[in-house]
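Structure record follows, encoded as structure tokens.
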Amino acid sequence: MLNPLRVLVSGLTRSSARCCSGYVSRMRFLDHLKQDPGACEAALLDSDLMLFHSLKPLLKQKQDRSFSSVSLRHPDVKSLLQKLGADPSVIRDSVLIGCSDAGGALFCLDLAAVNAVAVEEENRATFVELRKSFFLLSHTEAPLVAKAQALLRWHQTHRFCSFSGKPTERNRSGSHRVTAGSKVIHYPQMSPVVIALVHDGSRCLLGRQASFPPGLYSALAGFCDMGETVEDTVRREVAEEAGLEVLSVTYSCSQHWPFPNSSFMIGCFAAVSAAHSQLSVDHSELEDARWFDLGQIRAGLAVSAPPRRGGPVVTWFPPRHAIGHQLIAEWAERQTRHLQP
């Protein structure tokens, strides 16, 4: 079968093709699939499908004991469903999530109607809760799994129009849904959230919620209120949760985060005065918050995996590909450079 990406790129003029990097070509290919149902249908027949069950990704342990998500070719998924006595037509519920470097389309599919244990046994793999999978997957694979799960969940929870109550229908790629009759288009949405690493020059402030696993601390975070800027939200959240007044806010990075229901995390650094750094923690928001010096941060960063349950409680931070970890590591690197002669 012809590679649809190569076919699409060959249709470009020679001058425009020279200007297209591999990334540009892949993005145009994906946009083409979202706009053209027939092309998307053809791409699905020659695609890889990442498998889920009730929104849990299927993970497999490799020989080096690391984990990866399980993706099967379209014909293999069809054969698997037939073998397990399931309806192969459920493959049409697959959602487009990306494009491989080789130019093949990537889809995801939730097999909630299929026996989970049977799927696991056939693939010698396990369906894993998304939060746990974040500690098992690489920093390159975890974001794609998060995107896939978020899109699958959005389609499951938006089958009816929130205004009219009428059923909605998804387009072929799964990039949007349309209200029956009215043609109102609904796109997947993310809720903006600030996550701020507060610092006073020599220390940074980390907190934990009661729902966190023992010993886990991270940067302060909160949803943006209607009408607020990012800076407004950072100042308000730090004031509410820690009782501190923020002097300045600087942007660092951003990240899609699938919890609780697809958040857009906006990572910032928030400076406060060392002379006015006495904490007044709102315990209805946080179980605990405390200042950490560079040595304590380095010790927490050295903990590569969550401590075992029942063992001694040690301080540790979010997984490496989480934006909370990135902010903490970036602050530690800045402090280290500052201390160097």
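Of all strands (runs of 3 or more DSSP E) completely enclosed by the range 126-215, which ones contain at least 2 residues that are over 27 Å from VAL249 (Cα atoms)?
Filter on the range 126-215 gives 168-170, 177-179.
Take ILE91 and decide whether it is crowded, with 21+ Cβ neighbours inside 10 Å and β-branched (Val, Ile, Thr).
So ILE91 does not fit the description; no.
Could you go through the range 26-38 and let me know if any residue there is closer than 30 Å to SER304 by Cα and in the same structural domain as THR140 (by TED's automatic domain parsing).
no
Whether any residue in the range 85-95 is closer than 13 Å to LEU144 by Cα and touching a residue at least 40 places away in the same chain (Cβ under 8 Å) is what I want to check.
Yes.
Considering only residues that are surrounded by fewer than 16 Cβ atoms within 10 Å (Cβ to Cβ) and modelled with pLDDT of 95 or more, look in the range 211-227 and name the one that is nearest to the chain's Cα centre (by Cα).
Across the range 211-227, the extreme among qualifying residues is PHE223.
Can you tell which of LEU106, LEU58 is of a type in the set (A, V, I, L, M, F, W, C), closer than 28 Å to SER304 by Cβ and assigned to a strand (DSSP E or B)?
Answer to the selection: LEU58.
Considering each of ALA332, ALA305 in turn, give the residue that is touching a residue at least 60 places away in the same chain (Cβ under 8 Å) and out of contact with any Asp or Glu (no Cβ under 8 Å at 6 or more places or on another chain). Break it down stepwise before answering.
On the way: ALA332 fails: touching a residue at least 60 places away in the same chain (Cβ under 8 Å).
It is ALA305.
Looking only at the range 316-341, count every residue that is surrounded by fewer than 18 Cβ atoms within 10 Å (Cβ to Cβ) and polar (S, T, N, Q) and tell me the total.
Matching residues across the range 316-341 total 2.
The values are calculated or read from the model by the stated rules, or taken from the named source; none is laboratory data. Bear in mind that the values here come from a model prediction, so they are computed numbers and not experimental data. Glycine also receives a Cβ, built like all others from the backbone with ideal geometry; neighbour counts cover every protein chain displayed.
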